[in-house]
There are 2 protein chains.
Amino acid sequence: MKARVTVTLKPGVLDPQGAAVARALGALGFDGVGDVRQGKLIEIDLAPGPDPEGTVRAMCEQLLANTVIETYAIEILP
Amino acid sequence: MKARVTVTLKPGVLDPQGAAVARALGALGFDGVGDVRQGKLIEIDLAPGPDPEGTVRAMCEQLLANTVIETYAIEILP
């Protein structure tokens, strides 16, 4: 099975990478671009197990996300 | 409106970041972890316009994705 984890900065945390993208889009002539936030997408191939979501949550807490400034969302795909 | 863009490496392109995550998960004791791929998630606040998906596709082609080695998916949220 496959797990898809999205890790994003919490609201209010400064996102210089997103700000740089927003500025670059403006410089390229794209109008109407407001806030841009950049996060991570992690796709994990997992061996089938009893509680895949719990396993992936533990991975996020221990390695994938810095829970002080980031939140994560987990999606389990068959 | 909001656009969510996911940028991932094309299959077959070496992903050292994903490989490092897979190794680290193994070192932490998570068994059964196979391939790990890491991509980018970009959330863009957009002013309403006639063709948001076309606009965001142009952004991807010009800035957000390196289409030689990366693919992108666009999701328009209300």
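I'd like to verify a number: residues in segment B:5-30 that are at the interface with another protein chain (Cβ under 9 Å from one of its Cβ atoms) and touching a helix residue (DSSP H, G or I) at 6+ places or on another chain (Cβ under 9 Å), how many? Qualifying residue count for the region: 6. A search for C-beta distances below 9 Å between a residue of segment A:39-61 that is within 13 Å of B:Gln38 (Cβ to Cβ) and more than 8 Å from chain B (Cβ to nearest Cβ) and any residue that is β-branched (Val, Ile, Thr) and open to solvent by 20 Å² or more (accessible area, probe 1.4 Å), counting only pairs 6+ apart in sequence or on different chains, returns nothing.
The values are calculated or read from the model by the stated rules, or taken from the named source; none is laboratory data. All of these numbers come straight from a predicted model, not from anything done at the bench. Neighbour counts run over all protein chains shown; Cβ positions are idealised from the backbone, glycine included. These area figures cover heavy atoms from the full protein model, side chains too; ligands, DNA and RNA do not enter into them. Shrake-Rupley method; radii C 1.70, N 1.55, O 1.52, S 1.80 Å.
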